[in-house]
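Everything below concerns the one structure shown next.
The values are calculated or read from the model by the stated rules, or taken from the named source; none is laboratory data. This is a predicted model, so every value here is computed, not measured. As a convention, Cβ positions derive from the backbone with ideal geometry for all residues, glycine included, and neighbour counts pool all protein chains shown.
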Amino acid sequence: MSTQLSEDEIIQKISGNDLTIGSCASQALTYIGNKCGYDVRDFRGADSRWLFGQYTTSQKIAEAGGFVECDYNGFKIADRLLRNVEEGKEYFYTSGEHAAIIRKTGKKFEYLETQSKHIDENGFHPLTVNVLKKRFRTTKTRKLEGEKFLQKEVLIETSKISDSPNFKELLGYLNTDPKNQKREVPK
């Protein structure tokens with residue numbers, strides 16, 4: 001365990017341009033780990049890239065007490081999942097091709113960006129339909145070889161993840177060695 005960092009210090013510590021294409025799920029878990037006082041970072045590599053790149057990992061995380069929704073339309077899934085978000089709590093959330101920490105402030109939703117190479121672009125931003133389309137790549141339908149398939153997405157309160165008996169073990173898969181992280185530090 002390390003000393004407790006502020007939210008802004010955690011975001012600054014873990015943010016950076018991902019050089020491997022896709023570290024969103026592991027970055028979200030890294031954020032949760034740091035909120036719990038652990039000194040963790042992650043920008044894909046080795047076991048981390050393999051484990052967190054699998055959708056089944058997110059589903060297993062949701063089994064700790066979250067929600068899993070299925071539909072052909074990703075926006076319908078988003079609507080149903082976001083109805084479960086309570087103000088004052090943070091959540092691990094997947095939609096389309098992205099995973100992020102989200103929260104509700106007032107009547108608006110926000111998502112945490114940690115993968116930008118520009119320091120001022122990292123942090124919490126409004127979660128809108130346009131952001132779902134462009135950043136999360138949420139779609140009305142997904143096809144594989146011309147056939148529509150069911151999309152499955154998850155939402156789980158971060159405290160349920162951190163309270164899980166397997167959370168510390170899960171953090172062990174993160175690439176915590178600063179020299180081996182595949183990221184560009186934000187400027």
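Summary table below
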item: Filter pass, SER116 being in contact with a Phe, Trp or Tyr (Cβ under 6 Å, 6 or more places away or on another chain) and closer than 24 Å to ASN34 by Cα; result: no
item: Cβ-Cβ under 8 Å pairs, at least 6 apart or on other chains, the stretch 133-161 side among the hydroxyl-bearing types (Ser, Thr, Tyr), far side in a loop (DSSP other than H, G, I, E, B); result: THR138/GLY96; THR139/GLY96; THR141/TYR72; THR141/ASN73; THR158/LYS89; SER159/LYS89
item: Unmet criterion (only one of (1) without any contact (Cβ under 8 Å) to a residue 60 or more places away in the chain; (2) among the acidic types (Asp, Glu); (3) not in a helix (DSSP H, G or I)) for GLU69; result: (1)
item: Residue identified as of a type in the set (A, V, I, L, M, F, W, C), modelled with pLDDT under 75, over 19 Å from PHE109 (Cα atoms) and not in a loop (DSSP other than H, G, I, E, B) among ILE10, ILE61; result: ILE61
item: Residue that is nearest to GLY66 (Cα to Cα) [pool: residues in the stretch 98-151 that are touching an Asp or Glu at 6+ places or on another chain (Cβ under 8 Å) and of a type in the set (Phe, Trp, Tyr)]; result: PHE136
item: Output for the stretch 152-162, where each listed residue is at pLDDT below 90 and among the polar types (S, T, N, Q); result: SER162
